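Q: So that we are looking at the same thing, I have put the structure below in structure tokens.
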Amino acid sequence: MLLAALFLLGCLGWQELQKASNRSKAICCNCNLKQIGLAFRTWALDHYDTNPMDIPRESGGTRQYLASGEVFRHFLAMSNELSTPRILVCPKDCRLPVLNFGASLANSNLSYFVGFVTNAENPQMFLSGDRDLTNGALLPNGVLELRTNSLAGWRGNIHREFGNIALADGSVEAFTTARLRDALRWTGVATNRLAMP
């Protein structure tokens, strides 16, 4: 009986340890997105208060890549502000980070989408976030369109019941599906366009 009680206690301890580990990884994802949001803001301060997505490639921006499906290029343009590509992968995601911003960086090394946010006029627009979004119109070039009345949700492949999103105002929110749908209505635009990796 004592052995069974110790075994049960050990199993419960393991479950608590697993829960703590999952919470820790979710917090790290949130921190990654805060660093990404800060990188966008820092980049914008050096480029007339605009994000890379609003400036042509010839001037150091990434406007041409919004429709190309090459999401990694937006992060590559901010490599000095990001300092490491490791923050581009959520610890809960199965994708693997690369060691540097060299030629090996690709969409497969990203956990986060990039929103078509070009300025701070709509601070509640989606700047970046978990790639686990669903129920929008996915265009052939990998752009996901979410309308304010979309029944957007999370697939549950990364953070089961929620997902993290960095907003244009610099904040990061963990949204359940219900709160995600509310947030879409608050963005201030009829359609959010997200470049999905």
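Derivation of every value follows stated rules applied to the coordinates shown; laboratory data play no part. Keep in mind that what you see is a predicted model, and the values were worked out from it rather than measured. Cβ coordinates were reconstructed from backbone atoms using ideal geometry, including for glycine residues, and neighbour counts include every protein chain displayed.
Q: For the pair residue 59/residue 182, report the inter-label distance in nm, with labels modelled 7 Å from Cα in the Cβ direction.
A: About 3.8 nm, to one decimal.
Q: Let me see the P(r) profile for segment 127-181: every Cα-Cα distance counted, bins of 5 Å, each bin given as a percent of all pairs.
A: Per 5 Å bin, starting at zero, the Cα-Cα P(r) for segment 127-181 comes out as 4, 21, 28, 28, 15, 3 percent.
Q: Taking the Cα-to-Cβ direction at residue 42 and at residue 155 and moving 7 Å from each Cα, how far apart do the two end points lie in nm?
A: Each label point is offset 7 Å from its Cα along the Cβ direction, giving 3.1 nm.
Q: Tell me, 47, 74, 159 in order of fewest to most beta-carbon neighbours within 10 Å?
A: Fewest to most other Cβ atoms nearby, the residues stand as 47, 159, 74.
Q: Show the residues, 5+ positions off or on another chain, whose built amide H is closer than 5 Å to the amide H of residue 110.
A: Close amide H contacts, sequence-distant or interchain: none at all.
Q: Grab the eigenvalues of the alpha-carbon gyration tensor for segment 75-153, scale each by 5, take roots, and send me the semi-axes largest first in whole angstrom.
A: Working: eigenvalues 117, 51, 25 Å².
Rounded to whole Å, the semi-axes are 24, 16, 11.
Q: Right, here's the next one. Which shape class applies to segment 11-195: rounded if a/c is under 1.5, otherwise prolate when a/b exceeds b/c and oblate if not, where a ≥ b ≥ c are the square roots of the Cα gyration tensor eigenvalues?
A: It comes out oblate by the Cα gyration axes.
Q: OK, next. Modelled label-to-label distance, residue 94 and residue 169, 7 Å Cα→beta-carbon offset: nm?
A: In this crude label model, residue 94 to residue 169 measures out at 3.6 nm.
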